[in-house]
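> I'd like to ask you about the structure that follows.
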Amino acid sequence: MSLPRFSFGVGDRFAHQAAPQLEAFERLASAGVVVAPVWNKSNREHTFIGSEPASVRVAAAAAVAARGWRHPWFVDADHIRLETVGRFLDTSDFFTIDVADSIGRPAGDADVAAFVARHAELTGRLAIPGVSQPIEIDAAGVASIARTYLLACREAGEIYRHIEAKRAGRPFVTEVSMDETDLPQTPPQLLVILALLADEGIPLETIAPKFTGRFNKGVDYVGDLAQFEREFADDVAVLAYAAERYGLPRNLKLSVHSGSDKFSLYPVIRRVLDRTGAGVHLKTAGTTWLEELIGLAEAGGDGLALSREIYAYALDHVDELCGPYASVIDIDRRRLPAVAEVNGWSGPRLAAAIRHVPGNPSFNPDVRQLLHVSFKVAAKQGARYTDLLVANRDIVGRQVTENIFERHLRPLFLG
């Protein structure tokens, strides 16, 4: 099993939108670019909703069969750790190994010294093709980076070997995630990290580093686009070099855990991919749930009523809902409208406040971020929510397909 050059992660919180999601990939394929859909859902999301990992594969497989998709597709056990991977082993074929919590745990001096001695090639001046400036690290610098990341990489190796043993020969894609941490990893740090992961024997096909700038949930990137482009291009070059130098898979590529909707980054990423021939995996997380809410609002009637109720509950429980996502949201509570105001909005008006069209004066990024992290409010409604999805399948599905194709796949892969 091998991940194609282009892959794109889609979340489907309630396992009702796989077919509309797949329709977006079909439109892209008909335009000449085949991208592998990767349905992803984390243990945390399953816990909040009360679902099981098998539900993701069941929904994805049904959509693939119904629509006759003939290209690769995957199911991602998103952000798993050793204590959570067990429930995903039988139904996932893509594993995002998250070791961000172990970054910074200091490794032992002997282990660090052994790594530095084993990798003398990292010390000194390296002119890597495609990197804007030569990478220059002395032995103390290599040791410092190894001390920060060695235990995280060792943990990644432990998790990978556990998955490999339990899968008993069934192939899978391996991603290592280090993005949910405070500080971005520089290209020199990424090079050392890749050497550490290679030492663990992990055949990783994609790695998700922490990039500079803010990657808040459901809204656009906040940061210096020129700086991001330089660093992204440097990272692409470092991956190509490391794959050759350390025997990592040649299709090794960057994974951008976007928090969804980083529209301003798409032209940047596209330029780098066109220039280098590199691949990319982009994970869009949970905007499909927001498209469901938009569709229900536009449907009016009971759908609009429930959308208003969900907002009212979310507004009354901001701290509880936002707590787990505090590092990836920036909400100005002064811009969250009162419940009475929202209850006076029409369905299209509420939909416009949520839908991510920055040029629309009705769009409210604070409302969008709050609702983005409030999917478990809908989960508590149980069949009331999912029955409305079924009853309004067409209007909801249009929102899902249009969002993925027009706002994500088209600008990223077609320009």
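> Could you list the trypsin sites (Lys or Arg not before Pro) in the range 250-286 that lie in coil according to DSSP, counting only those with at most 14 other Cβ atoms within 10 Å of their Cβ?
Taking the range 250-286 and a limit of 14 other Cβ atoms within 10 Å, the loop trypsin sites (Lys or Arg not before Pro) found are ARG250.
> Using Cα springs under 10 Å in a Gaussian network model of the chain, which residue among HIS162, HIS372, HIS356 shows the largest mean-square fluctuation?
Top of the fluctuation ranking is HIS162.
> Would you grab the residues whose amide H sits under 5 Å from the one on LEU126? Only those 5+ places off in sequence or on another chain, please, with H modelled 1.01 Å from N.
ILE135, GLU136, ILE137
> Quickly work out the ASP101-to-ASN251 label distance, labels modelled 7 Å from Cα along the C-beta direction, and quote it in nm with one decimal.
3.1
> Per-residue HN-Hα couplings for the range 355-362, Karplus 6.51 cos²θ - 1.76 cosθ + 1.60 at θ = phi - 60°, whole Hz, x for Gly and Pro?
Going residue by residue, I get 5, 7, 10, x, x, 7, x, 7 Hz, with x marking Gly and Pro.
> Another question about this same structure. Which residues does the label zone of HIS162 cover in the range 199-219, counting backbone N under 19 Å from a point 7 Å along Cα→Cβ?
Only 200-204 pass the distance filter.
> Can you list the HN-Hα couplings for the range 330-342, worked out from phi with the Karplus curve (6.51, -1.76, 1.60; θ = phi - 60°), rounded to whole Hz and with x for Gly and Pro?
9, 10, 8, 5, 5, 9, 8, x, 5, 4, 4, 5, 5
> Taking each pair of distinct Cα atoms in the range 195-318 once, what is the resulting Kirkwood hydrodynamic radius in Å?
Result for the range 195-318 stands at 17.0 Å.
> Shifting gears a bit: Looking at the chain as a GNM with Cα springs under 10 Å, which of PHE375, PHE228, PHE25 has the largest mean-square fluctuation?
Top of the fluctuation ranking is PHE228.
> When the C-alpha atoms of the range 26-116 are aligned to their principal axes, what extent does each axis show, in angstrom, from largest down?
Principal-axis extents of the Cα atoms in the range 26-116, largest first: 56, 36, 19 Å.
> For ALA208, which sequence-distant residues (separation of 5 or more, or a different chain) have an amide H within less than 5 Å of its own amide H, given hydrogens modelled in the peptide plane?
It is VAL176, SER177, MET178, SER255, by chain and number.
> Right, next: When the helices in the chain are scored as -39500 (n - 2.57) per DSSP H run of 4 or longer and the sum is shared across all residues, what 222 nm value do you end up with, to the nearest 500 deg cm²/dmol?
Result for the chain, helices only: -15000 deg cm²/dmol.
> Pop out the ³J(HN,Hα) list for the range 233-241 in order, Karplus 6.51 cos²θ - 1.76 cosθ + 1.60 with θ = phi - 60°, rounded to Hz; leave Gly and Pro as x.
5, 4, 4, 4, 5, 5, 4, 4, 5
> Determine, from the Cβ-Cβ distance of ARG335 and ALA139 and an R0 of 60 Å, the FRET efficiency 1/(1 + (r/R0)^6), rounded to the nearest 0.05.
0.75
> Let me ask you something else. Separation between the LEU225 and GLU309 pseudo-spin-labels, each 7 Å from Cα along Cα→Cβ, expressed in nm?
Using points 7 Å along Cα→Cβ, the separation is 4.2 nm.
> In a GNM of the chain with a 10 Å cut-off on Cα contacts, which of GLY130, GLY359, GLY347 has the highest mean-square fluctuation?
Answer for the Gaussian network model of the chain: GLY359.
> Moving to a separate point now. I need the Kirkwood Rh of the range 6-285: take the reciprocal of the average 1/r across all distinct C-alpha pairs and report it in angstrom.
So the Kirkwood estimate lands at 19.4 Å.
> Under the rule of at least 5 residues apart or a separate chain, name every residue whose amide H is placed under 5 Å from the amide H of SER258.
Here the answer is LYS283, since their amide H atoms fall under 5 Å of that of SER258.
> Give me the percent of Cα-Cα pairs in the range 281-365 that sit more than 16 Å apart, rounded to a whole number.
Counting pairs separated by more than 16 Å, the tail of P(r) holds 57 percent.
> With each pseudo-label sitting 7 Å past Cα toward Cβ, what's the ASP394-ALA120 distance in nm, one decimal?
In this crude label model, ASP394 to ALA120 measures out at 7.2 nm.
> Is the shape of the range 96-255 best called rounded, prolate or oblate, per the rule: a/c under 1.5 gives rounded, else a/b larger than b/c gives prolate, else oblate, with a ≥ b ≥ c the square roots of the Cα gyration tensor eigenvalues?
Taking the square roots of the gyration eigenvalues as a ≥ b ≥ c, the range 96-255 is rounded.
Since every read-out is calculated from the coordinates, none of them should be taken as a lab result. Just so we're clear, the structure is a prediction, and the values are computed from it rather than from any experiment. A quick note on method: Cβ atoms are made from the backbone with ideal geometry, for glycine too, and the neighbour counts reach across all protein chains shown.
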